[in-house]
Amino acid sequence: MSLKIAVLPGDGIGPEIVGEALKVLGVLNRSFDLDANWQEGTIGGAGYDADGDPYPEATRRLAHGSDAVLLGAVGGPQWEMLDKQLRPEAGLLGIREDLGLFANYRPTKVHSQLLDASTLKPEVIDGVDILVVRELVSGIYFGQPRGIETVDGERRGFNTMAYTESEVRRIGRTAFEAARLRSGRVCSVEKANVLDVSELWRSVIIDLHASEFSDVELSHMYVDNAAMQLIRNPRQFDVIVTGNLFGDILSDEASMLTGSIGMLPSASIGEKFAMYEPIHGSAPDIAGQDKANPLATILSVAMMLRFSLDRADLADKVEQAVENTLDADIRTVDLAFGGASSVSCSAMGDAVCAALEELA
Ligand code: IPM
Ligand code: MG
């Protein structure tokens, strides 16, 4: 039976990078034995422009009827003046919440070919292989109450960082299970020295570990220290489990270990649905110029093949094709350091497709 993918290119560079990922899926259909079809929908600013809604009902139905969702990126300056609930970001948070995508896997793997592309010393980052497991549908992103009010003649803005025990338990379980398939170490990151919500987080993680995952090595770290340790000695980490806001920040930081945020894929998984997207944004400054790095989106397709489509064999092929392309010194501009020559987004996509064909 044909696998059905909902494709949501979104805004900015979204359509360009997703276009390259679809070329890769096309090769898998033609030259391997994948049987996937896809249908496009709008999200973010594109959803607002087409339907007045950053997460249109038609997109919701498309996502609910698909085996997986592939998303590009959302956002851009032209939508910044809209009411918050109409902005592109509301569409992204809306689809995450609607599909119940509580677990966001953000693997940060340093590719040896790109050691020089990082701003950090090669000897610090060589061999880095970290999985950030970010809670994605709760915490301060969604906590109530929130808003901007006027008190004593001045405005006051507020949000609420809240987690229930069951929310911590399910993301903790995700992280421990992931660690069992890796080096077996979990570092739980919070701010338990200051925040009540973090104190609860830590105690739930400790209990869960003791009752179900005592074979996994567990450590705890305050988020400020974790931010420092990530650049001081990143190899100490295997799996990092953390809340929505801390995970957003630390995963961008971790991406710089790899040289470019344009390299990092992600998978957002819930009980019933899953969505795959690069961790980077819509890069309005280079949109439409065929300059973006499509590898994060192509590697997101590999995660989709592995987690949703039950095709780990093809995921391996896509990842190998990316490695072979990097081995051939093909770089988009974000990866081309010290005056090295670079190729366009579409040329990078073509190069990965050619490398993939060679593995058929
Ligand atoms: C991410 C992004 C989003 C987030 C934005 C675009 C709402 O930064 O996926 O990391 O904050 O989650
Ligand atoms: Mg982010």
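The values are calculated or read from the model by the stated rules, or taken from the named source; none is laboratory data. The shown structure was predicted, so the numbers you read here are calculated from the model rather than taken from an experiment. Every residue, glycine among them, receives a Cβ derived from its backbone with ideal geometry; neighbour counts consider all protein chains shown. The protein model used for the area step is the full one, side chains on, heavy atoms only, and it has no ligands, DNA or RNA in it. Shrake-Rupley method; radii C 1.70, N 1.55, O 1.52, S 1.80 Å.
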Picked from the range 231-249 (must be assigned to a loop (DSSP other than H, G, I, E, B) and away from ligand 1 (no atom under 15 Å from the Cβ)), the residue most open to solvent (accessible area, probe 1.4 Å) is Asn233
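Inspect the range 103-125 for any residue being aromatic (Phe, Trp, Tyr) and crowded, with 21+ Cβ neighbours inside 10 Å and give the result as yes or no.
Within the range 103-125, the subset aromatic (Phe, Trp, Tyr) is 105.
If we keep only those that are crowded, with 21+ Cβ neighbours inside 10 Å too, we end up with 105.
Checking the range 103-125: at least one residue is aromatic (Phe, Trp, Tyr) and crowded, with 21+ Cβ neighbours inside 10 Å.
Provide a single number: the residues in the range 272-291 that are within 16 Å of ligand 1 (Cβ to nearest atom) and either farther than 20 Å from Gly41 by Cβ or outside any loop (DSSP other than H, G, I, E, B) (or both).
Taking the range 272-291 first, the residues within 16 Å of ligand 1 (Cβ to nearest atom) are 274-285, 287.
Of the ones still in play, those that are also either farther than 20 Å from Gly41 by Cβ or outside any loop (DSSP other than H, G, I, E, B) (or both) are 274-276, 279-280, 283-285.
The number of residues fulfilling the criteria is 8.
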Report the residue count in the range 38-97 for those that are closer than 14 Å to Ser282 by Cβ and either touching a helix residue (DSSP H, G or I) at 6+ places or on another chain (Cβ under 9 Å) or not aliphatic (A, V, I, L, M) (or both).
-> 23
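Here is a yes/no grid of residues against (1) at pLDDT below 95; (2) surrounded by fewer than 21 Cβ atoms within 10 Å (Cβ to Cβ):
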| position | (1), (2) |
| --- | --- |
| Ile261 | yes, yes |
| Pro278 | no, no |
| Leu314 | no, no |
| Val318 | no, no |
| Arg331 | no, no |
| Leu335 | yes, no |
| Gly338 | yes, yes |
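Look through the range 237-266, keep the residues that are more than 15 Å from Pro107 (Cα to Cα) and not hydrophobic (A, V, I, L, M, F, W, C), and return whichever of them is nearest to ligand 2 (Cβ to nearest atom).
Applying the first criterion (more than 15 Å from Pro107 (Cα to Cα)) to the range 237-266 yields 243-246.
Retained after the next criterion (residues that are not hydrophobic (A, V, I, L, M, F, W, C)): 243-244.
Values: Gly243: 13, Asn244: 10 Å.
Ranking the qualifying residues of the range 237-266, first place goes to Asn244.
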Kindly provide the set of residues from the range 53-81 that are in a loop (DSSP other than H, G, I, E, B), over 16 Å from the mean Cα position of the chain (by Cα) and within 14 Å of ligand 1 (Cβ to nearest atom), ordered by number.
-> Pro54, Tyr55, Gly76, Glu80
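If the requirement is being open to solvent by 60 Å² or more (accessible area, probe 1.4 Å), closer than 16 Å to Val301 by Cβ and at pLDDT 95 or above, which of these qualifies: Asn29, Asn37? Walk me through how you get there before you give the answer.
Working: Asn29 fails: open to solvent by 60 Å² or more (accessible area, probe 1.4 Å).
Only one candidate qualifies: Asn37.
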On the given criteria, is Asp310 open to solvent by 40 Å² or more (accessible area, probe 1.4 Å), farther than 28 Å from Asn225 by Cβ and without any contact (Cβ under 8 Å) to a residue 12 or more places away in the chain?
-> yes
If we keep only residues of the range 82-131 that are in contact with a strand residue (DSSP E or B) (Cβ under 7 Å, 6 or more places away or on another chain) and assigned to a loop (DSSP other than H, G, I, E, B), then the residue nearest to Ala179 (Cα to Cα) is Val128
Determine, yes or no, whether Ala50 is open to solvent by 40 Å² or more (accessible area, probe 1.4 Å), in contact with a Ser or Thr (Cβ under 9 Å, 6 or more places away or on another chain) and small (Gly, Ala, Ser).
-> yes
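Residue by residue, here is whether (1) among the charged types (D, E, K, R); (2) farther than 22 Å from Thr332 by Cβ; (3) outside the structural domain of Val301 (by TED's automatic domain parsing) holds:
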position	(1), (2), (3)
Asp11	yes, no, no
Glu20	yes, no, no
Lys23	yes, no, no
Gly26	no, no, no
Asp33	yes, yes, no
Gly44	no, yes, no
Gly52	no, yes, no
Tyr55	no, yes, no
Asp83	yes, yes, no
Ala296: without any contact (Cβ under 8 Å) to a residue 60 or more places away in the chain, under 25 Å from Ser66 (Cβ atoms) and not in a loop (DSSP other than H, G, I, E, B), yes or no?
-> no
If you go through the range 154-188 one residue at a time, how many are within 16 Å of Ser138 (Cα to Cα), hydrophobic (A, V, I, L, M, F, W, C) and under 20 Å from the mean Cα position of the chain (by Cα)?
-> 2
Residue satisfying condition, being open to solvent by 50 Å² or more (accessible area, probe 1.4 Å), touching a strand residue (DSSP E or B) at 6+ places or on another chain (Cβ under 8 Å) and assigned to a loop (DSSP other than H, G, I, E, B), within set Arg156, Arg182 | Arg182
State which residue is surrounded by the most Cβ atoms within 10 Å (Cβ to Cβ) when the search covers only the range 53-102 and only residues that are free of Cβ contacts under 8 Å to residues at least 60 places away in the same chain and polar (S, T, N, Q).
-> Thr59
